[in-house]
Amino acid sequence: MRRLLPALWLLSLSLGFTAAGGCADNQIGRPCNDLGRMPSSGVSFVNPAPDCPTRLCMVTPPPQSVGNTMASRTGTLAICTTTCETDADCETAEEYKARDRCSKYVCAVPSVVPGEENFCCKKLCTCQDDLIAGFNKDDPRGGTPKLPRDAAGVPIPSACNKPTKCQAPK
């Protein structure tokens, strides 16, 4: 029995570390260093971002400069983000919702700018308030046709449905 005790202790310790490591905390919404990247429109990325567990920081301009009319929110938002398939992948700790100008993160396509470094047509966790009607969310006034959806129900910008998507103009 004495020989079995250390083996059981090691087994329980290793199972504990395995269980604790099974759930990734991507800290979506955690403020990150924007390295002075202040986009006037669209988004920019810091990759690799050492202050983010996923090594990806997304920098979005103030909402007014991207056509959003939510005047109560101001300032550039630099947050840790990650790739996603559904909104459930973007759930974050309450502490990261309270620190910035965003209360909910959703799975969306924030960029159609050509180039892998711009995460063109890639789904990333994005501040819901930064979505743009007619671009990556449906226009609530019905001014534009409803956007196509992927299999998970995420709206996909029309530019991402073209054969030339993410290719720089020649």
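Go through (1) touching a Cys at 6+ places or on another chain (Cβ under 7 Å); (2) surrounded by fewer than 16 Cβ atoms within 10 Å (Cβ to Cβ); (3) closer than 20 Å to THR60 by Cα for ILE79 and report which single condition fails.
(2)
Please verify whether LYS122 is surrounded by fewer than 18 Cβ atoms within 10 Å (Cβ to Cβ) and more than 17 Å from ALA78 (Cα to Cα), treating the condition exactly as stated.
Working: surrounded by fewer than 18 Cβ atoms within 10 Å (Cβ to Cβ): yes; more than 17 Å from ALA78 (Cα to Cα): yes.
Considered against the rule, which asks whether it is surrounded by fewer than 18 Cβ atoms within 10 Å (Cβ to Cβ) and more than 17 Å from ALA78 (Cα to Cα), LYS122 comes out as yes.
Criterion first (outside any loop (DSSP other than H, G, I, E, B), surrounded by fewer than 17 Cβ atoms within 10 Å (Cβ to Cβ) and modelled with pLDDT of 60 or more) does GLU85 satisfy it?
no
SER72: modelled with pLDDT under 85 and loosely packed, with under 13 Cβ neighbours inside 10 Å, yes or no? Lay out the reasoning, then the answer.
On the way: modelled with pLDDT under 85: yes; loosely packed, with under 13 Cβ neighbours inside 10 Å: yes.
Yes.
Is it the case that segment 150-165 has a residue that's under 22 Å from PRO62 (Cα atoms), within 17 Å of the chain's Cα centre (by Cα), part of a loop (DSSP other than H, G, I, E, B) and hydrophobic (A, V, I, L, M, F, W, C)?
No, every residue in segment 150-165 fails to be under 22 Å from PRO62 (Cα atoms), within 17 Å of the chain's Cα centre (by Cα), part of a loop (DSSP other than H, G, I, E, B) and hydrophobic (A, V, I, L, M, F, W, C).
Can you name the residue in segment 95-141 that is farther than 23 Å from PRO48 by Cα and part of a strand (DSSP E or B) and is also modelled with the lowest pLDDT among such residues?
Filtering first and then ranking leaves ALA133.
Do you know which residues across segment 144-165 are among the aliphatic types (A, V, I, L, M) and touching a Cys at 6+ places or on another chain (Cβ under 7 Å)?
If we filter segment 144-165 for residues that are among the aliphatic types (A, V, I, L, M), which is where we start, we get 147, 151-152, 154, 156, 159.
Listed by number, the list holds a single entry, VAL154.
The values are calculated or read from the model by the stated rules, or taken from the named source; none is laboratory data. Keep in mind it's a predicted model, so treat the numbers as computed, not measured. Note that we place each Cβ from the backbone using ideal geometry, even for glycine, and neighbour counts take in every protein chain shown.
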